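> Encoded as structure tokens, here's the structure I'll be asking about.
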Amino acid sequence: MRIGMSLTEPAGPGALTELRDQLRQATDDGFASAWISNIFGLDALTALAVAGSQVPDIELGTAVVPTYPRHPAALAQQALTTALAVGGRLALGIGLSHRIVIEDMYGHSFERPARHMSEYLSILLPLLSGEPANFDGETMRARIGLSVPRAGRVPVLLAAMAPAMLRQAGERADGTVLWMTGPATVRDYIAPAITAAAAGRPAPRVVCILPVCVTDDPDEARARAARIFEVYRQLPSYRAMLDREGAAGPADVAIIGDGGRCGTSGRRHHRRRGDRRQPDHGACRRRGDRFRGRRVRRPRRRQAHPRPAEVADPVRRPPAARRVPAVSW
């Protein structure tokens with residue numbers, strides 16, 4: 001299992017400089033990857049192209065870019081350009097978003113989302129592979145080729161929770177990116193479904209992103225997590241994952257406690273994947289060093305993260321001086 005960091009989206013005129021500094025810190029701390037969301041702030045791919053080009057030795061991922069607002073050819077062109085800027089270290093996470101965003105905000109129809117994603121991939125995947133797209137579907141069409149120089153293959157991960165999306169993630173993409181999905185749900189639902197769909201293909205990757213807080217006051221942290229992440233308790237796709245887990249809300253799947261407890265919870269999430277041969281990746285969603293004005297206490301640098309050899313990237317195992325640090329929201 002590899003451990004990654006979900007980046008805090010910076011604001012203000014120095015946002016890209018701050019993002020670069022976050023990436024440098026994540027690299028220095030031994031994280032294998034860094035992931036950024038694409039909501040209403042920075043454009044994720046543009047931000048990674050600018051900031052990521054200045055920070056080598058760490059994988060960069062989007063979690064995730066919504067598909068409805070972007071034609072797949074435009075997204076392929078942008079992703080290939082970003083991959084070129086960062087030396088081929090890009091993992092392209094894409095997703096449907098939510099009805100409230102696509103219909104109420106963007107004004108697009110959110111009907112037939114599984115069909116939309118299937119046809120989207122029929123255009124996106126060949127273009128990312130250097131082939132022209134010639135497709136005429138019910139929701140998407142394209143006859144186009146791209147001449148963007150390539151810096152290697154760009155893996156595509158789907159935000160997949162429903163059965164139809166998990167089938168596509170296993171059959172056609174490189175895996176899935178999850179949010180607010182607990183370990184039992186990964187073990188009993190996500191991993192079996194995506195593995196079955198990927199039969200005869202390389203083992204699919206599962207990126208599990210969860211809130212993490214290392215603290216000596218877990219009750220307070222859980223109460224704050226419940227308030228901060230309340231919206232995810234209500235959105236249908238995340239609500240379905242929480243129900244499968246038997247969780248009342250996001251605070252019940254957050255990893256909260258001292259360093260030992262958080263390390264144990266992360267390894268338990270990995271063990272519940274089922275097939276240990278599959279690539280596995282955990283990402284900690286970080287909400288900055290300050291938590292509503294109060295600094296969350298971190299272990300001192302001399303304190304080692306529990307059993308770092310098990311939670312670090314087996315290929316890029318951090319040296320002893322670069323333990324995976326504690327993280328806050």
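Yes/no per residue for (1) of a type in the set (Gly, Ala, Ser); (2) touching a helix residue (DSSP H, G or I) at 6+ places or on another chain (Cβ under 9 Å); (3) part of a loop (DSSP other than H, G, I, E, B):
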{"site": "MET5", "(1), (2), (3)": "no, yes, no"}
{"site": "GLU9", "(1), (2), (3)": "no, yes, yes"}
{"site": "PRO13", "(1), (2), (3)": "no, no, yes"}
{"site": "ASP21", "(1), (2), (3)": "no, yes, no"}
{"site": "GLY30", "(1), (2), (3)": "yes, yes, yes"}
{"site": "THR46", "(1), (2), (3)": "no, yes, no"}
{"site": "ALA49", "(1), (2), (3)": "yes, yes, no"}
{"site": "ASP57", "(1), (2), (3)": "no, yes, yes"}
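> Looking at region 32-44, which of the residues that are assigned to a loop (DSSP other than H, G, I, E, B) and polar (S, T, N, Q) is nearest to VAL101 (Cα to Cα)?
Top of the filtered list is ASN38.
> With respect to the numbered conditions (1) hydroxyl-bearing (Ser, Thr, Tyr); (2) in a helix (DSSP H, G or I); (3) crowded, with 18+ Cβ neighbours inside 10 Å, which one is the sole condition not fulfilled by TYR68?
Every condition holds for TYR68 apart from (2).
> Going through region 159-183 one residue at a time, which ones are surrounded by 17 or more Cβ atoms within 10 Å (Cβ to Cβ) and in a helix (DSSP H, G or I)?
Passing the criteria: MET165, LEU166, ARG167, GLN168, ALA169, GLY170, GLU171, PRO183.
> Are any residues in region 127-139 within 25 Å of VAL86 (Cα to Cα) and either surrounded by fewer than 17 Cβ atoms within 10 Å (Cβ to Cβ) or out of contact with any helix residue (DSSP H, G or I) (no Cβ under 9 Å at 6 or more places or on another chain) (or both), and if so, which ones?
SER129, GLY130, GLU131, PRO132, listed by residue number.
> I would also like to ask the following. Select from region 85-99 the residues that are at negative phi, touching a Phe, Trp or Tyr at 6+ places or on another chain (Cβ under 9 Å) and outside any strand (DSSP E or B) and list them in ascending order.
Once the filter is applied, which keeps residues that are at negative phi, touching a Phe, Trp or Tyr at 6+ places or on another chain (Cβ under 9 Å) and outside any strand (DSSP E or B), region 85-99 yields LEU96, HIS98, ARG99.
> Restricting the search to region 140-158, which residues are within 26 Å of the chain's Cα centre (by Cα) and either over 20 Å from GLY87 (Cβ atoms) or loosely packed, with under 14 Cβ neighbours inside 10 Å (or both)?
Within region 140-158, MET140, PRO149, GLY152, ARG153, LEU158 meet the criteria.
> Report, by residue number, each residue of region 5-46 that is surrounded by 16 or more Cβ atoms within 10 Å (Cβ to Cβ), among the β-branched types (Val, Ile, Thr) and modelled with pLDDT of 95 or more.
Of everything in region 5-46, those that are surrounded by 16 or more Cβ atoms within 10 Å (Cβ to Cβ), among the β-branched types (Val, Ile, Thr) and modelled with pLDDT of 95 or more turn out to be THR27, ILE36.
> How many residues are assigned to a helix (DSSP H, G or I) and either closer than 18 Å to VAL207 by Cβ or among the small types (Gly, Ala, Ser) (or both) if we restrict to region 100-120?
Residues in region 100-120 being assigned to a helix (DSSP H, G or I) and either closer than 18 Å to VAL207 by Cβ or among the small types (Gly, Ala, Ser) (or both): 3 in total.
The values are calculated or read from the model by the stated rules, or taken from the named source; none is laboratory data. Being a predicted model, the structure only gives us computed values, none of them experimental. FYI the Cβ positions are ideal-geometry reconstructions off the backbone, even for glycines, and counts take in every protein chain you see.
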